[in-house]
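Structure first, commentary second.
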Amino acid sequence: MQSTGAIILTFISGALLVFGVLWNLFNLVMTVHLQRKSKSYQTLEFIISCTSLSNILLDFSTCFLYFYEFKIYCTTEKGRVMPVVYFILFSASASSFWSIAWLCVFYCVKIISLPAALFIKLKRNISLVVNRALILSVFFCFVLFCPFLYLIPIMPANATANNTYINNTLGTPCTKPAFDFPEKFARDLYFFIFVLFLCPIPLIIMVTTSSQLVVHIYKHTQQMKRNQNEFQSRNSYLLICKMIISLVVVYLFTITLVFVYLLTQAKDEKMSTEFLFLDMAFYCAATGVLLTTTNKNLKEKLMSVSCCGKIQQQSEA
């Protein structure tokens, strides 16, 4: 039997997963629709589309693990299904992280002004650079985690309380296999590479670009205090800056909790798996909301389909 706290965490995680899927699906559909309507290819919409699609895949893979951990289903195909789930989980999370990192780069280069000739050239071609970099990053994410598709299920020799449970829906005993890479696979080197790709590199990009953005906007605000015509530009810059910082904070919170969870797995007192599900569900929902609230087109579309949009139309009439 699960404790009351675990049940509450599971319920909140499930609600956030559904909310995150719906919200990111809205972002994805609207950005694709706006691009087809305008017949133009905008970098910002491309980044939002990649982030939203990655978050949806991440939510679905987390949901599958959520059902698996909650013992709702039992199938003999776990040995083939679970490696695919792990592959999608890690690939989608890495794609989402890198999409946010390139979003930080895009806004940083677009807003900041430097006299260097190389920076001016980069500023002129930032859309092309970010588009290609994002495509390569997403492609590399899925290539990097392909070894997870070759995970080998290791069935326990003896049934114990740790590896066997009674399925909640069928009432039949189910064996919970462990998974490992083939014997000749360089596990340590691979683990180092994919952890480096998941956390330190995108984190360095995010922190560097966001800090430069904060410094520039602060200086810009101080210089333009007396210029009334620049207040609107300043406010839009501040909104972008708040969004970038919020995304970085959400990423830091998510990745920190994941590493704490992994570290506790080697100890007697392990962190509950419900916290990991809640962490991933929160990340997908929070990033989706932040991207919507700071994008003018998405915000207008959201208002138009909500009660607020109807009330605004009635007041204007």
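Here are the numbers:
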read-out: Matching residues, segment 23-57, being under 30 Å from R80 (Cα atoms) and surrounded by fewer than 18 Cβ atoms within 10 Å (Cβ to Cβ); value: L25
read-out: Test for K267: is it assigned to a loop (DSSP other than H, G, I, E, B) and either out of contact with any Asp or Glu (no Cβ under 7 Å at 6 or more places or on another chain) or at pLDDT 85 or above (or both); value: yes
read-out: Which listed residue is closer than 29 Å to T10 by Cβ and either modelled with pLDDT of 70 or more or assigned to a helix (DSSP H, G or I) (or both), from F231, F282; value: F282
read-out: Filter result for the condition that a residue is in contact with a Pro (Cβ under 8 Å, 6 or more places away or on another chain) and modelled with pLDDT of 90 or more, over A178, A92, A101; value: A101
read-out: Residue that is surrounded by the most Cβ atoms within 10 Å (Cβ to Cβ), among those in segment 58-81 that are of a type in the set (V, I, T) and modelled with pLDDT of 60 or more; value: T62
read-out: Cβ-Cβ under 6 Å pairs, at least 6 apart or on other chains, segment 189-210 side more than 18 Å from T256 (Cα to Cα), far side surrounded by fewer than 19 Cβ atoms within 10 Å (Cβ to Cβ); value: S210/I245
read-out: Out of T221, T287, T273, sole residue that is surrounded by 14 or more Cβ atoms within 10 Å (Cβ to Cβ), at pLDDT 90 or above and either over 25 Å from A133 (Cα atoms) or within 25 Å of the chain's Cα centre (by Cα) (or both); value: T287
read-out: Residue within segment 106-120 that is modelled with pLDDT of 90 or more and among the aliphatic types (A, V, I, L, M) present; value: yes
read-out: Positions within segment 143-175 being part of a strand (DSSP E or B) and either modelled with pLDDT of 60 or more or surrounded by fewer than 13 Cβ atoms within 10 Å (Cβ to Cβ) (or both), in sequence order; value: I152, P153, I154, I166, P173, C174, T175
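The values are calculated or read from the model by the stated rules, or taken from the named source; none is laboratory data. Predicted model, so just to flag it, every value in this text is computed and none were measured. Here Cβ is always computed from backbone atoms with ideal geometry, including for glycine, and neighbour counts include all displayed protein chains.
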